[in-house]
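Below you'll find the structure, written out as structure tokens, and then a few comments.
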Amino acid sequence: MGASAAAGLQAVVARPYIISPTRMFTSTTTISGFNLKVTKQGLTNSSGSFSRHYLCERYPSASSKNCRVVTRAMSGETEKGTAYGLPIDLRGKRAFIAGVADDNGYGWAIAKALAAAGAEIIVGTWVPALNIFETSLRRGKFDESRRLPNGSLMEISKIYPLDAIYDTPEDVPEDVKTNKRYAGSSNWTVKEVAESVKNDFGSIDILVHSLANGPEVTKSLLETSRRGYLAAISASSYSFVSLLQHFLPIMNPGGASISLTYIASERTVPGYGGGMSSAKAALESDTRVLAFEAGRKGQIRVNTISAGPLGSRAAKAIGFIEKMIDYSYSNAPLQKELLADEVGNTAAFLASPLASAVTGSVVYVDNGLNTMGLAIDSSTLAT
């Protein structure tokens, strides 16, 4: 992935005055448009409010006078007990992320952002993908993408097998129980996973739903069968209801739940078929209702992130994800690549105390594409 998930707001130090690692430095720091004077003795470690990174460390040939200093607002406090900026501090929090099966999707990026902010990470992985994911993780294939802003590697406390289209063992049909792809795994229905997490950890603070599947996604809605339509709804939207239903009893008050949606829920995206657009619309509607119910019942906030297109392995099932990415780049207000880490950072914010009054919301992270009513690269505009 092109950028690292930051634990807090990023601040760029302009015109640094650097004497030595043990002497005073003063700089003008820009955070969210405000100029702040920062005076600090020495360098802080990863537990301090700031971590400083030199451009010359990445490019050793650069002269020291040309080295830029990047300062990140991190979780924690300085030696004097004063925290600077608006740190996203999730230390002591535990997150369960459902739907992580590789290192290039939004689920992985969210896990990294939460870990960078200090949260303990546990994940649920689709049963047929479990062995490959665990093997790749164990052999170090994900080590580079596991790297956090402080240089350490994201740790996953435990990986649970999960198939979120089945709520209880009684719901699992016989042909699935005997399927060789499920051999060797047990307790993988939503209810069983929630019970296992309770037995292993006691409670969680953050629940992330990063699941979607539509077996007939390449078919138009007019060609979609009832079975395919309902399968998309089951896997992509009701699975979120089920997860929150079963995990809510073990979520600590003040916690947060986050899901992922897409602009096809409210705009026509030809080719995004099989009932997937309907499933995303249902997910957004459920977000508002669940925000009320979970808020009143357990003081849990519920939000969904409407993320722009990403060329993940899962998204390639759509068949034209690269064209969707190109379209977004050409027509969004911010003409740049959308990074998975940008969605991860937004999830970290929504899970943090900084978003303590945000619930029932659809938060767009798509470079602003959702605001557009006209494709500026349309051939009709060139005539």
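So what are the three principal axis dimensions of the range 250-348 from its Cα atoms, in whole Å, longest to shortest?
Each principal axis gives a Cα extent; for the range 250-348 these are 43, 28, 25 Å.
Tell me, what is the per residue accessible area of the range 93-170 in Å², probe radius 1.4 Å?
On the way: 2960 Å² over 78 residues.
Solvent-accessible surface per residue comes out at 38 Å².
Per residue, what accessible area does the range 224-290 have, given a 1.4 Å probe and all protein chains present, in Å²?
Working: 2570 Å² over 67 residues.
Result: 38 Å² of accessible area for each residue.
What's the extension gain from residue 221 to residue 144 if we count 0.36 nm per residue and subtract their Cα-Cα distance? Before the final figure, lay out the partial values.
Numbers: separation 77, 0.36 × 77 = 27.72 nm, distance 4.02 nm.
Stretched out fully, the residue 221 to residue 144 stretch lengthens by 23.7 nm.
Any idea what the dipole of the range 234-383 comes to, in debye rounded to 20, about its Cα centre with Lys/Arg Cβ at +1 and Asp/Glu Cβ at -1? It would help to have the intermediate numbers written out before the result.
Working: 10 positive and 11 negative charges, 77 e Å.
In debye, rounded to 20, the range 234-383 gives about 360.
Taking the highest mean first, how do the peptides 162-175, 230-243 order by number of other beta carbon atoms within 10 angstrom per residue? Spell out each step's value before the answer.
On the way: 162-175: 15.9, 230-243: 22.2.
Going by the mean number of other Cβ atoms within 10 Å, highest first, we get 230-243, 162-175.
When a/c is below 1.5 the answer is rounded, else prolate if a/b is larger than b/c, else oblate, so apply that to the range 73-212 with a ≥ b ≥ c taken from the square roots of the Cα gyration tensor eigenvalues. Show your work: numbers first, answer last.
On the way: a/c = 2.94, a/b = 1.89, b/c = 1.56.
Taking the square roots of the gyration eigenvalues as a ≥ b ≥ c, the range 73-212 is prolate.
How about the range 93-165: which GluC sites (Glu not before Pro) there lie in a loop by DSSP and see at most 13 other Cβ atoms within 10 Å?
On the way: sites: 120, 134, 144, 155; in loops: 155.
Within the range 93-165, the qualifying GluC sites (Glu not before Pro) (loop, at most 13 other Cβ atoms within 10 Å) are 155.
Over the range 94-366, with every protein chain in place, what whole percent of the accessible area is carbon and sulfur at 1.4 Å, could you tell me? Numbers along the way, then the final one.
Working: 6140 of 12130 Å².
Solvent-exposed carbon and sulfur of the range 94-366 make up 51 percent of the total.
Quick check on the range 94-366: take the gyration tensor over C-alpha atoms, sort the square-rooted eigenvalues as a ≥ b ≥ c, and tell me if it's rounded (a/c under 1.5), prolate or oblate.
rounded
List the pairs from 280/323; 198/280; 93/336; 112/323 whose alpha-carbon separation is above 23 Å, in the order I gave them.
From 280/323; 198/280; 93/336; 112/323, over 23 Å: 198/280; 93/336; 112/323.
May I ask you to derive the FRET efficiency for residue 267 and residue 357 from their Cβ-Cβ distance with R0 = 22 Å, giving the value to the nearest 0.05?
Working: r = 28 Å, r/R0 = 1.27.
Calculated value: 0.20.
When the dipole is taken about the Cα centre of the range 94-366, and only Lys, Arg (+1) and Asp, Glu (-1) are charged at their Cβ, what size is it in debye, to the nearest 20?
Working: 26 positive and 29 negative charges, 12 e Å.
Dipole size: approximately 60 debye.
The values are calculated or read from the model by the stated rules, or taken from the named source; none is laboratory data. These numbers were taken from a predicted model, which means no experiment stands behind them. Note: ideal-geometry Cβ built from the backbone for every residue, glycine included; neighbour counts use all protein chains shown. The protein model used for the area step is the full one, side chains on, heavy atoms only, and it has no ligands, DNA or RNA in it. Shrake-Rupley method; radii C 1.70, N 1.55, O 1.52, S 1.80 Å.
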